[in-house]
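Student: Could you have a look at this structure, given as structure tokens, before my questions?
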Amino acid sequence: MKVSCLQENLAKGLSIVGRAVSTRSTLPVLANVLLETDNGRLKLAATNLEIVVTCWIGAKVEEDGAITVPARLLNDFVSQLPQERVELVLNDRTQTLHLTCARNEANIKGIDAQEFPLVPKPDQNNRIRVETAVFKQMINQVAIAAATDDTRPTLTGVSTTFDDSQVLMVATDGFRLSMKSAHIPGSVDKPTAVLIPARALSELYRIASDDSDAIYISLPEGRNQIIFDMENIVLVSQLIDGSFPDYSPIVPKRHNTRTVMGTADFRKACKASEIFARESSHTARVKIDPGDEITPGSAIVAATSAETGDNVTQIDAMVNGDPVEIAFNVKYMSDVLNVIDTPQVALETTGPMDPGVIKPVGDTDFMHIIMPMHFGR
């Protein structure tokens, strides 16, 4: 293999595939990145057996070849090189990669590319097209509610259903639930539901370029995998086996109070309370007052810590319905307010012991449900 490419392109490619490198595997090749010539370009790939990330960068290929080299070592070395052309020459006999760039040289010992796991290829025919900006927003608003510990594996996934020209994503960790739907160009032949690891979707969010128009999704038959194909980048993830819990019973069918607030005001109030709520399981109280003919409606967000003190923030609100006081995990509240980009947000409540529902005002495709917490008087 004899290849040259720009340092900035190589560094960017390594950062794209780098998070898929395994850090805990007993297989040494999984700590490596695959470098392979492919139709006049340089292909980089990394895997931890749960996800595979592949990207292609522009390169001048003089001799074809392939090698795997330690990902962290290569990334650390390339990142400190000057922004000039990097020459990569492989010694097949010793499986050593020789790099030169300006006045810098290095020899990196590798492992034969034959030992690297097979990289699945996207299905070019049966693909679902989703707009990049739309899908990234879905991931951003839904993945926050997925569980992060593996005690219940199905809750670490995002239930994703393609039906006709709609896609629906739902995630829950048992304390909160996020649900977002969107329109997709074209339509699918038959309804398809899969459980995608939230970690894989978060990685997709990170590497999907805002410049690309679309992400193409394929589900190879019998492989229990999902493939996301973008311009010059492909991410493959294993799907989660098992059934996502039936969440319909916890979606409130009605509400007694609807409180509309400025999103930024509510976010700031929650962040202020979060500082004092850390020692009390992140519990904060939200007190809704409809006001009267003289006094406008308001929402008060308050937190108390026996060790550090307390805080109260009052914000203006338009309230329809009964006054109510309800306790929430304020960290969860901050999480969802961070991913809402409408100027106003609605909090719908039924009673102090019932779930609260957060909805962006003007966006009927997103809903976030937070279970209430108990608090002492």
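Student: Within the range 84-103, does at least one residue satisfy the condition of being of a type in the set (Lys, Arg), closer than 27 Å to Thr23 by Cβ and not in a helix (DSSP H, G or I)?
Tutor: no
Student: Does at least one position in the range 197-212 carry a residue that is more than 22 Å from Gln124 (Cα to Cα), in contact with a Gly (Cβ under 6 Å, 6 or more places away or on another chain) and at pLDDT 95 or above?
Tutor: yes
Student: With the requirement that a residue be on the phi > 0 side of the Ramachandran plot and either outside the structural domain of Ile294 (by TED's automatic domain parsing) or touching a Phe, Trp or Tyr at 6+ places or on another chain (Cβ under 6 Å) (or both), what does the range 304-340 give you? Outline the logic, then answer.
Tutor: Step one: list which residues in the range 304-340 are on the phi > 0 side of the Ramachandran plot, which gives 309, 321.
Passing the criteria: none in range.
Student: A further question follows. Across the range 328-347, what is the total count of residues that are part of a strand (DSSP E or B) and surrounded by 22 or more Cβ atoms within 10 Å (Cβ to Cβ)?
Tutor: 3
Student: Let me ask something additional. In a loop (DSSP other than H, G, I, E, B) and either touching a helix residue (DSSP H, G or I) at 6+ places or on another chain (Cβ under 7 Å) or exposed (fewer than 14 other Cβ atoms within 10 Å of the Cβ) (or both) - does that describe any residue in the range 70-79?
Tutor: Within the range 70-79, not a single residue is in a loop (DSSP other than H, G, I, E, B) and either touching a helix residue (DSSP H, G or I) at 6+ places or on another chain (Cβ under 7 Å) or exposed (fewer than 14 other Cβ atoms within 10 Å of the Cβ) (or both).
Student: Return yes when Cys101 is in contact with a Pro (Cβ under 7 Å, 6 or more places away or on another chain) and in contact (Cβ under 8 Å) with a residue 60 or more places away in the chain and no when it is not. Before the answer, list the steps.
Tutor: Details: in contact with a Pro (Cβ under 7 Å, 6 or more places away or on another chain): yes; in contact (Cβ under 8 Å) with a residue 60 or more places away in the chain: yes.
Criteria met by Cys101.
Student: To continue, here is another question. Looking only at the range 246-271, filter to residues that are modelled with pLDDT under 95 and part of a helix (DSSP H, G or I); which one of those is nearest to Val357 (Cα to Cα)?
Tutor: Ile250
Student: Which one of Ser237, Ser159, Ser243, Ser212 is over 30 Å from Ile300 (Cβ atoms), touching a strand residue (DSSP E or B) at 6+ places or on another chain (Cβ under 6 Å), hydroxyl-bearing (Ser, Thr, Tyr) and not in a strand (DSSP E or B)?
Tutor: Residue meeting the stated conditions: Ser212.
The values are calculated or read from the model by the stated rules, or taken from the named source; none is laboratory data. Not measured: the values here are computed from a predicted model. We place every Cβ from the backbone using ideal geometry, glycine too, and count neighbours over all the protein chains shown.
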